[in-house]
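**Student:** Pasting a structure below so you can have a look.
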Amino acid sequence: MELSKDQKKVTNELVGWFGGKREKQYVTVGGFAGTGKTTLIGWVRKNLARKNKKLKVAFCSFTGKATRVLKNKLAEAGGLYEQDSVSTIHGLIYSPIENEKKEIVGWKKREAVETDLIIVDEASMVDGEIWADLRSYGLPIIAVGDHGQLPPINGNFNLMEKPMLKLEEIHRQARENPIIKLSVWARERGIIPAINYSDGVKKIRRELPETQELIEEELRKYNHETLILCGYNSTRVRLNRHIRQLVGFEGEDPEAGDRVICLRNNHIAEVFNGMLGTINKIRRKNENWYETEIQMDGEPGKYNGLMLKEQFNRTDGLNFTKQRWRTIEGDLFDFGYALTVHKAQGSQAKKVILFEERFGRDDEEMWRRWLYTAVTRAEEELLIVG
């Protein structure tokens, strides 16, 4: 595959950085959707292999699903070598603590990581704490992410705010993809006209008489390969209630089969803010907590722990209120059928249904980032309700 001009330029700079004096421990690479970030990673790896066949690279990403996608793409591109590893960031730098029964009761940071280079994909998801832990080993790091997306919603750390190197040229093949085309419009103009772009990509006007019937039909077809996105938490709660009714759940309490989203990092339980999953088993422990088993999307293991009842169907996260002390005993989850775009960062699905909602306080740049982030969550189908 022929590389674009900026791919060649960034590849040469990364290879030169790794083989040189390396005044900085790390390099950040930003790339818009359709610029071939994963292709670049594979190409860099092959170039490094030509110079040193024994070089060992640890590839990592934030979630299990993203890690599997990265591994498959690297293998297809011939950019994965026998001595390399591909894992979640958590699996790379933390090791389990086991009790006498060989049960995992906690995690600790590894004393050393046996590799020559760490390459982080989807680096816009990395928070300040994990970034500090990655850097603590003193190993060279290449961090690759999308600098067009929204910044992290909590905290001031944003690894992709000002990437040192950038990929901004959309590949010729990607330009023909209607989702990529809409992502460019979102990023550059902040406006997507309400028309059909292909069989699976369209925008409809909310006020038209037939729109409500079409939305009901689409929501009723909800499955695990669908993301429902919106702007406001109040809209998210209404949509979650409505979708649960449409798919056959009754009442307000979570049940086996419900889709849920994690709202707070728990390194010991290996669940992180924004991860989605499906409840396998659930029972009430007491008036405040559920004991539950959840199969997290794309993860080999299951989450077993306590979920706070009060967090479900709330418009705010208890983790960020004065009531935080009440959440210490377990973990925070909520229904995961509909998500705000901020919470959907790092997630993708074959089909996305997006309800456009603009915050009054957002300036034009933040609106464009919001819309761009939303559009680029879709892999194959996109319905925008504008």
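**Student:** Could you compute the FRET efficiency for Ile328 and Arg22, with r as their C-beta to C-beta distance and R0 at 35 Å, rounded to 0.05?
**Tutor:** For R0 = 35 Å, the calculated efficiency reads 0.25.
**Student:** Quick one: net charge of Asp133's neighbours, Cβ under 14 Å, K/R +1, D/E -1?
**Tutor:** Local net charge: +1.
**Student:** Quote to one decimal, in nm, the extra length available between Glu98 and Asn156 on full extension: 0.36 nm per residue of separation minus the C-alpha distance between them.
**Tutor:** 17.5 nm
**Student:** P(r) tail for the stretch 180-244, what percent of Cα pairs lie past 18 Å?
**Tutor:** Distances greater than 18 Å cover 50 percent of the Cα pairs.
**Student:** Give me the accessible area per residue for the stretch 162-221, probe 1.4 Å, as a whole number in Å².
**Tutor:** Ligands and nucleic acids excluded, the figure is 65 Å² per residue.
**Student:** Further, regarding this structure: Holding the Cα-Cα limit at 21 Å, pick out from Lys54/Lys109; Lys37/Lys181; Lys56/Lys302; Lys21/Lys56; Lys102/Lys302 the pairs that are longer than that.
**Tutor:** Violating the 21 Å Cα-Cα cut-off are Lys54/Lys109; Lys56/Lys302.
**Student:** For the chain, with the dipole built from +1 on Lys and Arg beta-carbon atoms and -1 on Asp and Glu ones, taken about the Cα centre, which of Gly91, Thr373, Leu134 lies farthest toward the positive end?
**Tutor:** Of the listed residues, the answer is Leu134.
**Student:** Can you tell me the length gained on complete extension of the stretch Arg361 to Glu207, counting 0.36 nm per residue apart and subtracting the Cα distance?
**Tutor:** Stretched out fully, the Arg361 to Glu207 stretch lengthens by 53.1 nm.
**Student:** Would you please state which residues of the stretch 224-264 a label at Arg284 would reach in this model, taking the label point 7 Å out along Cα→Cβ and a backbone N cut-off of under 19 Å?
**Tutor:** Hits in the stretch 224-264 for Arg284 at 19 Å: 249-258.
**Student:** Would you mind calculating the gained length between Ala75 and Glu2 on full extension (0.36 nm times residue separation, minus the Cα-Cα distance), in nm to one decimal?
**Tutor:** Full-extension gain reported as 24.5 nm.
**Student:** The stretch 14-121: Rg/Rh from Cα coordinates, Kirkwood Rh?
**Tutor:** 1.02
**Student:** Okay, next question. Projecting each Cα onto the charge dipole of the chain (Lys/Arg +1, Asp/Glu -1 at the beta carbon, about the Cα centre), which of Thr340, Val44, Val15 comes out farthest on the positive side?
**Tutor:** Comparing the listed Cα positions along the dipole, Val15 ranks first.
**Student:** Roughly how many percent of the accessible protein surface of the stretch 42-105 is carbon and sulfur, given a 1.4 Å probe and a whole-percent answer?
**Tutor:** Solvent-exposed carbon and sulfur of the stretch 42-105 make up 50 percent of the total.
**Student:** If you don't mind, another one. If the cut-off is 23 Å between C-alpha atoms, which lysines fall inside it for Lys309, apart from same-chain ones fewer than 8 positions away?
**Tutor:** Lys281, Lys285, Lys322, Lys343
**Student:** Going out from 0 in 5 Å bins, what whole percent of all Cα-Cα distances in the stretch 275-349 drops into each bin?
**Tutor:** Percent of Cα pairs in each bin: 3, 14, 24, 24, 21, 11, 3, 0.
**Student:** Let me ask something else about it. For Glu380, put the label point 7 Å out on the Cα→Cβ axis and report which residues of the stretch 190-221 keep their amide N under 15 Å from it.
**Tutor:** Output list for this probe position: 199-201.
**Student:** Now for a different question. Could you tell me which of the pairs Lys8/Lys53; Lys9/Lys162; Lys8/Lys73 are separated by over 28 angstrom between their Cα atoms in the structure shown?
**Tutor:** In this structure, not one pair exceeds 28 Å between Cα atoms.
**Student:** To continue, here is another question. How many percent of DSSP beta bridges within the chain run antiparallel, rounded to 5?
**Tutor:** Among the beta bridges of the chain, antiparallel pairing accounts for roughly 40 percent.
**Student:** Ignoring ligands, DNA and RNA, what percent of the accessible area of the stretch 135-219 is carbon or sulfur (1.4 Å)?
**Tutor:** The computed percentage sits at 47.
**Student:** About the Cα centre of the chain, how large is the charge dipole given +1 on each Lys and Arg Cβ and -1 on each Asp and Glu Cβ? Please answer in debye to the nearest 20.
**Tutor:** In debye, rounded to 20, the chain gives about 1060.
**Student:** Just to confirm my numbers, what's the Cα centroid distance between the stretch 1-52 and the stretch 339-386 in Å?
**Tutor:** Here the answer is 29 Å between Cα centres.
**Student:** Give me the Å³ per residue figure for the convex hull around the C-alpha atoms of the chain.
**Tutor:** With only Cα atoms used, the chain gives 154 Å³ per residue.
**Student:** How big is D for the stretch 310-386, in µm² s⁻¹ as a whole number, if Stokes-Einstein is applied with the Kirkwood radius of its Cα pairs at 37 °C and 0.692 mPa s?
**Tutor:** 227 µm²/s
**Student:** Suppose R0 equals 41 Å. What FRET efficiency, 1/(1 + (r/R0)^6) with r the Cβ-Cβ distance, do Arg135 and Glu176 give to the nearest 0.05?
**Tutor:** Step by step, r from the Cβ atoms, then E = 0.55.
**Student:** Let me ask something additional. Cβ under 10 Å from Lys350's Cβ, Lys350 left aside: what net charge do those residues give with Lys, Arg +1 and Asp, Glu -1?
**Tutor:** With Lys, Arg at +1 and Asp, Glu at -1, the net is -3.
**Student:** In nanometres, what is the gap between the two model label sites at Val15 and Arg241, each 7 Å from Cα along Cα-to-Cβ?
**Tutor:** 5.9 nm
The values are calculated or read from the model by the stated rules, or taken from the named source; none is laboratory data. What you are looking at is a predicted structure, and each value in this text was computed from that prediction instead of being measured. Cβ coordinates were reconstructed from backbone atoms using ideal geometry, including for glycine residues, and neighbour counts include every protein chain displayed. We work out accessible area using only protein heavy atoms, side chains counted, and drop any ligands, DNA or RNA first. Shrake-Rupley method; radii C 1.70, N 1.55, O 1.52, S 1.80 Å.
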